[in-house]
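*Asks:* To start, I am sharing the structure in question, which I have written as structure tokens.
The values are calculated or read from the model by the stated rules, or taken from the named source; none is laboratory data. Here the structure is a predicted model, which is why all the values come from computation and not from measurement. When we count neighbours, we look across all protein chains shown, and the Cβ atoms used for this are built from the backbone with ideal geometry, even at glycine. To get the accessible areas, we keep the full protein, side chains included, count just its heavy atoms, and leave off ligands, DNA and RNA. Shrake-Rupley method; radii C 1.70, N 1.55, O 1.52, S 1.80 Å.
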Amino acid sequence: MWFNDKEDDGVRYSNRFDPDGGGRIPLPTVALVCTAIKNCLDEYQSGAFSEIPFTRVMYKAKYDARLSYLEDFSKKTKHAAIIPRLCRRLYKLARKHAKVDAELVVQNILIEDAEVEAATKEWEDIVFSDEADD
């Protein structure tokens, strides 16, 4: 695990999970987690579990697409700072889960309705490359 407790890699090697020191999970990490979730969903695509190996060959293109979309979304919503705020929130929650700096993570970050509306408008017509097959 990355942030299961104070001894996990996310805490011990925090420079890998917060390389710029801004208290944010990097987008490549978010894209990797999203791709791993996609793998889990794929395993239940038929309604019953069927193991699908989470390998580079099977999921690199999906990872690359997710990272590209996250980067594009971040650029298009830069004025609302949705992605940086989300990445900061994920980092704080991960550290809180690991019981690291608990006193620093009690502040809630709320997303404003205008930010949600702007994000929704930007993404209404976007279709992920792997959705075209669905």
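*Asks:* List every residue pair whose Cβ atoms sit under 8 Å apart, with the two residues 6 or more apart in sequence or on different chains, where the first one lies in region 78-93 and is more than 15 Å from Thr29 (Cα to Cα) and the second, anywhere, is aromatic (Phe, Trp, Tyr).
*Replies:* Ile82/Phe73
*Asks:* Oh, and also: For region 55-74, enumerate the residues that are of a type in the set (Ser, Thr, Tyr) and touching a helix residue (DSSP H, G or I) at 6+ places or on another chain (Cβ under 9 Å). So that I can check it myself, show each step before the final result.
*Replies:* Here is the first cut: in region 55-74, the residues of a type in the set (Ser, Thr, Tyr) are 55, 59, 63, 68-69, 74.
The answer is Tyr59, Tyr63, Ser68, Tyr69, Ser74.
*Asks:* Considering only region 1-50, state which residues are at pLDDT 70 or above and among the aliphatic types (A, V, I, L, M).
*Replies:* Ile25, Leu27, Val30, Ala31, Leu32, Val33, Ala36, Ile37, Leu41, Ala48
*Asks:* Cβ-Cβ distance below 7 Å, separation of 6 or more or different chains: which pairs start in region 46-73 with a residue that is in a loop (DSSP other than H, G, I, E, B) and end on one that is open to solvent by 50 Å² or more (accessible area, probe 1.4 Å)?
*Replies:* Here the result reads Ile52/Met58, each pair linking region 46-73 to a residue that is open to solvent by 50 Å² or more (accessible area, probe 1.4 Å).
*Asks:* Moving on. Among the listed residues Ala31, Ala48, Ala80, which satisfies the condition of being under 22 Å from Val116 (Cα atoms), more than 16 Å from the chain's Cα centre (by Cα) and open to solvent by less than 60 Å² (accessible area, probe 1.4 Å)?
*Replies:* Working: Ala31 fails: more than 16 Å from the chain's Cα centre (by Cα); Ala48 fails: under 22 Å from Val116 (Cα atoms).
Testing whether each residue is under 22 Å from Val116 (Cα atoms), more than 16 Å from the chain's Cα centre (by Cα) and open to solvent by less than 60 Å² (accessible area, probe 1.4 Å) leaves just Ala80.
*Asks:* When the residues of region 88-121 are filtered to those that are farther than 16 Å from Asp5 by Cβ and either touching a His at 6+ places or on another chain (Cβ under 9 Å) or part of a loop (DSSP other than H, G, I, E, B) (or both), which remaining residue is modelled with the lowest pLDDT?
*Replies:* Checking each candidate, the answer is Val106.
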